[in-house]
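Student: Have a look at this one before I ask anything.
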C-alpha cells in the first residue's frame with residue numbers, strides 16, 4: 001500500500017525516528033524509564049508513519065503512529081475511540097498509552113499503543129488450513145455480533161451526542177454514495193451504462209435504507225489488514241482489530257465492507273448470534289455496490305470490480321421489481337375484490 005505522504009514523511013518524520021527519541025516517547029507513554037530498540041516500519045499506513053519497536057524488558061512491543069500534522073484531530077479521535085472500545089466493549093483492540101498532538105514531542109502528532117500479537121489475517125490467509133480458517137471466522141463473528149448489540153440514537157461518531165449525529169441513516173450514508181458516484185463519473189467514463197442504472201434507482205434508496213432512529217455500534221473498517229491473528233498452542237486466536245472508526249451505523253454496512261471475509265462460516269455464526277432483518281440482503285447489496293465502484297476506480301486494469309458492481313446493481317433492481325410487483329398485486333386485489341362491500345343502490 002502506497003503512502004500518499006511518503007515524500008513528506010521521509011523529509012520530516014524519518015530523521016526523527018531514532019531509538020533515543022522513541023525511548024523518550026515510550027517513557028512518557030508508560031510512565032517508567034523505558035528503552036526502545038530495533039524499530040521497524042510497518043506496512044499498511046496510507047497517511048502516517050507506523051513504527052514498531054521492542055522495549056528493553058522484553059515484555060511486549062510498542063507501536064508509534066506518527067503524522068507530520070500538528071493538532072491532528074484524526075489521531076486524537078483514534079486514541080479516544082480505542083480507549084472507548086476497551087472500556088465499553090468486548091471487541092479486542094490495542095491498548096493505547098499516549099496521544100500528543102502539540103508538536104512538542106515529535107515534529108507533528110503521535111499516538112503510542114501496544115503492538116497486538118500475531119500478524120494480519122491478510123498475510124495468513126493462504127497458510128491457514130480449512131479448520132483454522134473456520135475457527136478465525138467463528139471468532140470474528142462472535143466478536144462482531146456482540147459489538148453490534150450496542151445501539152444508540154443517531155448515526156455517526158461515538159464521541160458525538162445523539163443531537164450531533166445524523167438523525168437518519170440515509171442522511172449519514174447517502175452523501176458518501178453520491179461522492180463515490182461523482183468520482184466514478186470523473187475517473188471511469190467508460191462505465192456510463194452502469195452509472196445510468198444506478199441513477200435510475202437512486203431515488204428509491206432513502207426508503208430502502210431507512211432503518212429507524214437508532215444506529216448500531218460498528219468498527220466500520222474491518223478487512224484482512226485490520227484483523228490480527230495470533231497462534232497459541234497451535235490454535236489461531238483473533239488478538240485485535242486495528243484502526244477502528246467507531247461509528248453508529250447500519251450493521252449490514254459493516255458486514256458488506258468485509259467483502260466476504262470469513263465466508264459462510266462467519267455468516268452462519270453471526271446470524272445465530274445476532275440475526276438478520278428482512279431487508280438485510282438488499283442493503284448489503286447497496287453498500288457492496290458502492291465499494292465495488294471505489295475499487296473500479298482504484299483498479300482500472302481489471303474487470304472484476306465492474307462485474308461485482310453490475311451484479312450488486314442487478315440485486316437491487318430485482319428487489320425493487322419484486323416489491324413493485326407485490327405492491328401492484330395488493331393494489332389490484334384491494335380495488336377489485338368488492339364482494340364484501342355494501343353495494344350502492
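Every read-out reported here was derived from the displayed coordinates using simple, explicitly stated rules and does not represent laboratory data. All values derive from a computational prediction rather than experimental measurement. Because the Cβ atoms are built from the backbone with ideal geometry, glycine has one as well, and the counts that use them run over all protein chains shown.
Student: Take the chain, connect every pair of alpha-carbon atoms lying under 10 Å apart with a spring to form a Gaussian network, then pick out the residue of 251, 84, 241 with the largest mean-square fluctuation.
Tutor: So, out of 251, 84, 241, the one fluctuating most is 84.
Student: Right, next: Would you please calculate the Kirkwood hydrodynamic radius of the chain over all C-alpha pairs and express it in Å, rounded to one decimal?
Tutor: Details: mean 1/r = 0.0440 Å⁻¹.
Hydrodynamic radius (Kirkwood, Cα pairs) of the chain is 22.7 Å.
Student: Another one. Work out how far the C-alpha atoms of segment 37-144 reach from end to end along every principal axis, then list the three figures in whole Å, largest first.
Tutor: Sorted largest first, the three principal extents are 49, 33, 30 Å.
Student: Just subtract the alpha-carbon distance of residue 153 and residue 80 from 0.36 nm times their residue separation and send over the number in nm, one decimal.
Tutor: 24.3 nm
Student: Pulled fully out, how much extra length does the chain show between residue 52 and residue 298, if you take 0.36 nm times their separation in residues and subtract their Cα-Cα distance?
Tutor: Here the segment from residue 52 to residue 298 would lengthen by 85.7 nm.
Student: Moving on to the next point. Per Stokes-Einstein, at 10 °C and 1.306 mPa s, what whole-number D in µm² s⁻¹ belongs to segment 120-252, with the Kirkwood radius over Cα pairs as the hydrodynamic radius?
Tutor: Rounded to a whole number, D works out at 92 µm²/s.
Student: Angle check, please: helix 304-336 long axis (alpha carbons) against the longest principal axis of the chain (alpha carbons), in degrees 0 to 90, nearest 10.
Tutor: Taking the Cα atoms of the chain, the angle to 304-336 is about 30 degrees.
Student: Working out 0.36 nm times the residue gap between residue 264 and residue 189, then minus their Cα-Cα distance, what length gain in nm do you get to one decimal?
Tutor: Roughly 23.5 nm would be gained on extension.
Student: Which whole-number percentage describes the relative contact order of the chain, with Cα contacts under 8 Å and a sequence gap of 6 or more?
Tutor: 15
Student: Say a paramagnetic label sat at a point 7 Å from the Cα of residue 235, along Cα to Cβ; which residues of segment 118-145 have their backbone N under 15 Å from it?
Tutor: Under 15 Å, as judged by backbone N against the label point of residue 235, lie 131-140 of segment 118-145.
Student: Arrange the following residues from fewest to most other Cβ atoms within 10 Å of their Cβ: 147, 191, 128.
Tutor: 128, 191, 147
Student: Which angle from 0 to 90°, rounded to the nearest 10, does the C-alpha axis of helix 169-187 make with the longest principal axis of the chain?
Tutor: It is inclined by approximately 80 degrees.
Student: Here is a follow-up. Given a 10 angstrom Cα cut-off, can you work out which residue in 80, 190, 72 is the most mobile in a GNM of the chain?
Tutor: Result: 190 has the largest fluctuation of those listed.
Student: For the Cα atoms of the chain, what angle does the longest principal axis make with the long axis of helix 73-88, in degrees from 0 to 90, nearest 10?
Tutor: 80
Student: I would also like to ask the following. For the pair residue 328 and residue 28, what calculated FRET efficiency results from E = 1/(1 + (r/R0)^6), where r is the Cβ-Cβ distance and R0 = 56 Å, to the nearest 0.05?
Tutor: So, using R0 = 56 Å, E works out to roughly 0.25.
Student: Taking other Cβ within 10 Å of each residue's Cβ, how do 55, 286 sort, fewest first?
Tutor: Numbers: 55 20, 286 28.
If I rank by nearby Cβ atoms, fewest first, I get 55, 286.
Student: From the square roots a ≥ b ≥ c of the eigenvalues of the alpha-carbon gyration tensor of segment 226-323, which class results: rounded (a/c under 1.5), prolate (a/b over b/c), or oblate?
Tutor: Since a/c reaches 1.5 but b/c is at least a/b, the shape of segment 226-323 is classed as oblate.
Student: I want to verify a result. In a Gaussian network model of the chain, Cα cutoff 10 Å, which of these has the top mean-square fluctuation: 186, 19, 254?
Tutor: Answer for the Gaussian network model of the chain: 186.
Student: Let me have the relative contact order for segment 14-115, percent, based on Cα pairs under 8 Å that are six or more residues apart.
Tutor: Values: 190 pairs, mean separation 25.2, N = 102.
Relative CO of segment 14-115 lands at 25 percent.
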